[in-house]
1. Relative contact order of chain A, please, whole-number percent, based on alpha carbon pairs below 8 angstrom and at least 6 residues apart.
2. Grab the beta carbon distance between B:Asp104 and A:Asp69, set R0 = 25 Å, and tell me the FRET efficiency rounded to 0.05.
3. Could you let me know the centre-to-centre spacing of segment A:1-23 and segment B:55-123, using Cα atoms, in angstrom?
4. About the Cα centre of chain A, how large is the charge dipole given +1 on each Lys and Arg Cβ and -1 on each Asp and Glu Cβ? Please answer in debye to the nearest 20.
5. Could you tell me the calculated FRET efficiency between A:Thr89 and B:Gln66, based on Cβ-Cβ distance and R0 = 45 angstrom, to the nearest 0.05?
6. Once you have the Cα-Cα distance between B:Glu122 and B:Gln83, take 0.36 nm times their residue separation minus that, and quote the gain in nm to one decimal.
7. What does the C-alpha gyration tensor say about the overall shape of segment B:18-112? Classify as rounded when a/c is under 1.5, otherwise prolate if a/b is larger than b/c, or oblate.
8. Filter the trypsin sites (Lys or Arg not before Pro) in segment A:12-55 down to the DSSP loop ones having no more than 16 other Cβ atoms within 10 Å, then list what survives.
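Every number in this text was worked out from the coordinates using simple rules, so none of it is lab data. If you're wondering where the values come from, they're calculated on a predicted model, not measured in any experiment. Please note: Cβ atoms are built from the backbone with ideal geometry, for glycine as well, and neighbour counts cover all protein chains shown.
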Amino acid sequence: MASTVIGAGITIDGEITADEDVVVHGTIRGKLTAKDAVTIEQGAVVEADVTGGAMVVAGAVTGNITSSDRVDLQSGAKVVGNVKASRITIADGAQFKGNVDMDV
Amino acid sequence: MAQTRSATRLNSDGRDARIGSGARIRGRIQGDGDLTIEGTVEGEIAVRGALVIAEGASVTSDVEAQEVTIAGALEGNVNASGQVRVAVGARVHGDLRGKSVAIDEGAEYAGRLDCEFDLPPELEGGGRRR
């Protein structure tokens, strides 16, 4: 189970740093840095640069995504920004506008 | 070590929020729902729901919530529409304002208490009017 959960009704304006998993159901504006997995659930709104380990996106992200592991954009995800990761999947139904950098 | 009963409460229905012990937030947290803080928060917190500052948490911020339970360290003022509880092991620097305030034995507290309640009529200065 994730150690940090941002609930659906919660809005955070600012900077989040976590040494552990982060699950976002709510809204984040600012910056999100995690050492571990980041999950951006359906309905979540993230207007922030996101850095972390394995990343699963099913919500809306406006900002750059950098992962030390992999990024999965799931169906329903809406991402405007650049994605940097060594492995990336973009599911059917995911919306994505930006550059992909796979570190090659 | 003191147990904080309410800190372990967590429903994963997406409504509740939890800032884990390895997390640090600088900024403003606001919204609906309950919030449990086990990590570090600097900024401002305003939630419509219950707020729990768990043991080991460090919060430097003014706090607004329906109900507030503190078992960690808090530097800042508390404004609650319901109950405020300062549990054993808590270290609180700031003013507490709530409908009722409870400070457990073993809590460290420095600040002012502002408790909203109706005085019994015999203590209301001037007696009954009208």
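1. It comes to 16 percent, rounded to a whole number.
2. Between B:Asp104 and A:Asp69 the formula returns 0.05.
3. Measuring centre to centre over Cα atoms gives 25 Å.
4. 260
5. Step by step, r from the Cβ atoms, then E = 0.60.
6. 11.5 nm
7. oblate
8. Of the trypsin sites (Lys or Arg not before Pro), the ones in loops of segment A:12-55 whose Cβ has at most 16 other Cβ atoms within 10 Å are A:Lys35.
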